[in-house]
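First the structure, which I've put down as structure tokens, then a few questions once you've had a look.
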Amino acid sequence: MTSTTSTAAGRVVTPAVGTRGPLLSAPRRRGANRRRLLAHVLVYGAVTLAVIIVAFPLIWMLLAAVKSNAQILDLRASLWPSQFHWGNIKQAWDSAPFGRWFLNTVVFAGAATIGQILTGMLAGYAFAMYDFPGKRVLFYVLLSGLMVPFATVIVPVVQILGDLHWLNTYQGLIVPNIASALGAFLFRQFFLGAPAELGEAAHMDGASELRIFFNVYAPLGRPIIAAFGIIAFLQNWNNFLFPLIVVNTTSMEVLSQGLSVFQTQFSTNYNLMMAAALIVVAPVLLVAVLAQRHIVEGITLGAVQ
Amino acid sequence: MLTAAFSLLPLGMLAYRSLFSGGVFATTLQYVGLQNYSNAISQGGAHALEVTGIYTAGFVVLAMGLGLGIALLLNVNLPGLSRLRAPFIIPVVVPTVATALIWGNLFAPDFGFINRTLGALGLPEADFTSSPSLALTMILTFGVWQFFGENVILYLASLKTLPVDVIEAASVDGAGPWARFRYMRWPLLRRSNVLIWVITTLTGLQTFTQIYVLTNGGPNGGTTTALYYIYNQGFVQFNTGLADAMGVILFLISLGVTIVQVALIGRGSRRD
């Protein structure tokens, strides 16, 4: 299709170019088109190959999850399941408290994300709209918080949580994660661009500062909330190191952590291991497909500094 | 303000406690000066930093190269091509523990897909957990597979902001794809390159989950990165002082990377 358009375009262009000299004679033009078509085929081919390589491990998981363990171990067996053992998924689900882990992950990731959106909006709003003493210093602190890996401070954070007797609790998981430097930064950028007249008008009508924030400006931020929220949610959902050091009782573990324990318990039941991985991956995969646009936006937003 | 409390307080505590000896929850601390730092360096810390350096260097080169390469391909104006960016995001967002488990199976001795392929090609099979360099290779391939999609998205976004008409004009003037990339797109991507370099480097420095799942830092500390060292010393061996000292070192390295970024971008914009 593209080649025909370019041929058409070429025909329109040729006379005009021809007046300048024999730059593009008809046979050369045809040769260029053929080269172009070849280049397009190569581009499609390379991208398709890359997609296959990227998707392969996940496809491998899907297939292995419904194979018999014997087929996985049999070197002569085909990669395609000779028989579909759908029962593997139920068996994996029943061999560990996945329901409880799922609930823990929902509570942790949900609460932490809502916290990050709220604190990010409030802090970003304050940075954008108000002048207060120490604003510059605090902003630099915020920027450094953006860059410093949270992971470097895990030891002292766990010490604080231990002093508070918050280990193995939801608040221990959630509270240290309710502030996000990235969130504050993104919302600051957004509110800097928001029209100040709206707030002034509401102020004249006698609205309080908090009302102005919640009723006037917060609703404007919906696109940022969606883009930042989905990225923050996925990050919290996939957080492994933090729950690993804060929680050590089975009933308080999150999905990622539970799965790593499952691995050590079923270290030779490769089909059950892959079925368990599938259980953990499936909900995120669904979210990723549905919210693809917001995820791309969130990734891009986070990098525009 | 809250952010400040949560990032500064632990950081201060970290720097302070790195000068003392005592367990995670010890109530009495003994001042040991810089002893923890010298102990950390002599007790595997230097090796951990070396592993972190090798891993991060490989990670940055591969994840940025593949990210830019695929983004350039996806940026070609062909029907349906932009839809193919979606699969590259999936490894970035699905839980690392699960995908690392898949990696463990793919790279398993005997029945793993990689060894099957090696065997089918008549090449010797490899036990990827048996030698430090093979184990680090396995961790690196996973890291790159998982993360480079984010760079694809970032490069694609910056390529879209480049002036299309100028590049098309160059194409009409006879500039080939390589010339258009080398002399037009590459210089314009400078700012994005620095940014993506920082994001990729910080991600590489923080690699943890796949090491925990696949190798536990072994064999012989061959995959013990700085962060895994912090975890192992702090929460497995309970040498908190060593973990804190390494925390400070890793923090300073991350800060250094960021400062370089600010300096590079500042210089670039002054020149513009």
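Considering only region B:157-179, state which residues are loosely packed, with under 15 Cβ neighbours inside 10 Å and not in a helix (DSSP H, G or I). It would help to see each step written out before you state the result.
Of all residues in region B:157-179, those loosely packed, with under 15 Cβ neighbours inside 10 Å come to B:160-166, B:168-169, B:171-174, B:176-179.
Scanning region B:157-179 gives B:161, B:162, B:163, B:173, B:174, B:176.
Another one. Scanning for something exposed (fewer than 15 other Cβ atoms within 10 Å of the Cβ) and within 30 Å of residue A:189 (Cα to Cα), does region A:84-107 turn up at least one residue?
Yes, that holds for at least one residue.
Answer with yes or no whether residue B:182 is exposed (fewer than 14 other Cβ atoms within 10 Å of the Cβ) and among the basic types (Lys, Arg).
Values: exposed (fewer than 14 other Cβ atoms within 10 Å of the Cβ): yes; among the basic types (Lys, Arg): yes.
Judged against the criteria, residue B:182 is a match.
Another question, if that's okay. Got a sec? Which helices (runs of 4 or more DSSP H) wholly within region A:78-195 have at least 1 residues that are touching a residue at least 24 places away in the same chain (Cβ under 8 Å) and under 18 Å from residue A:302 (Cα atoms)? Show your work before the answer.
Numbers: elements: A:87-94, A:98-129, A:135-147, A:154-163, A:170-174, A:181-193.
Filter on region A:78-195 gives A:98-129, A:135-147, A:181-193.
Let me ask you something else. Give the residue that is nearest to the chain's Cα centre (by Cα), with candidates limited to residues of region A:272-303 that are farther than 26 Å from residue A:63 by Cβ and free of Cβ contacts under 8 Å to residues at least 24 places away in the same chain.
Per the stated criteria, the residue is A:296.
Count, please, the residues in region B:73-101 that happen to be part of a helix (DSSP H, G or I) and within 7 Å of another protein chain (Cβ to nearest Cβ).
Residues in region B:73-101 being part of a helix (DSSP H, G or I) and within 7 Å of another protein chain (Cβ to nearest Cβ): 16 in total.
Just one of the numbered conditions (1) within 30 Å of residue A:229 (Cβ to Cβ); (2) at pLDDT 90 or above; (3) not aromatic (Phe, Trp, Tyr) is not true of residue A:46; which one?
Unmet for residue A:46, out of (1) within 30 Å of residue A:229 (Cβ to Cβ); (2) at pLDDT 90 or above; (3) not aromatic (Phe, Trp, Tyr): (1).
List the number of the failed condition for residue A:58; all other conditions in (1) within 43 Å of the chain's Cα centre (by Cα); (2) at pLDDT below 55 hold.
Residue A:58 satisfies every listed condition except (2).
Name the residues in region B:119-147 that are assigned to a helix (DSSP H, G or I), closer than 16 Å to residue B:103 by Cα and within 14 Å of another protein chain (Cβ to nearest Cβ), would you? Reasoning before the result, please.
Filtering region B:119-147 down to residues assigned to a helix (DSSP H, G or I) leaves B:119-120, B:132-147.
Checking which are closer than 16 Å to residue B:103 by Cα leaves us with B:134-147.
Listed by number, the residues that qualify are B:138, B:141, B:142, B:143, B:144, B:145, B:146, B:147.
If you take the residues of region A:155-178 that are among the polar types (S, T, N, Q) and at the interface with chain B (Cβ under 10 Å from one of its Cβ atoms), which of them is farthest from residue A:114 (Cα to Cα)?
A:159
May I pose another question? Report whether or not residue A:182 is modelled with pLDDT of 80 or more, under 23 Å from the mean Cα position of the chain (by Cα), within 24 Å of residue B:243 (Cα to Cα) and buried (at least 18 other Cβ atoms within 10 Å of the Cβ).
Here the answer is no, as residue A:182 does not meet what is asked.
Quick one: in region A:229-267, which of the residues that are in contact (Cβ under 8 Å) with a residue 40 or more places away in the chain and outside any helix (DSSP H, G or I) is surrounded by the most Cβ atoms within 10 Å (Cβ to Cβ)?
For region A:229-267, the residue satisfying everything is A:254.
Also, I was wondering about something else. Please give the number of the condition residue A:168 fails out of (1) among the polar types (S, T, N, Q); (2) at negative phi; (3) surrounded by fewer than 20 Cβ atoms within 10 Å (Cβ to Cβ).
(2)
The values are calculated or read from the model by the stated rules, or taken from the named source; none is laboratory data. Quick caveat, the model's predicted, so the values are computed rather than measured. Cβ: placed from backbone, ideal geometry, glycine included. Neighbour counts: every protein chain shown.
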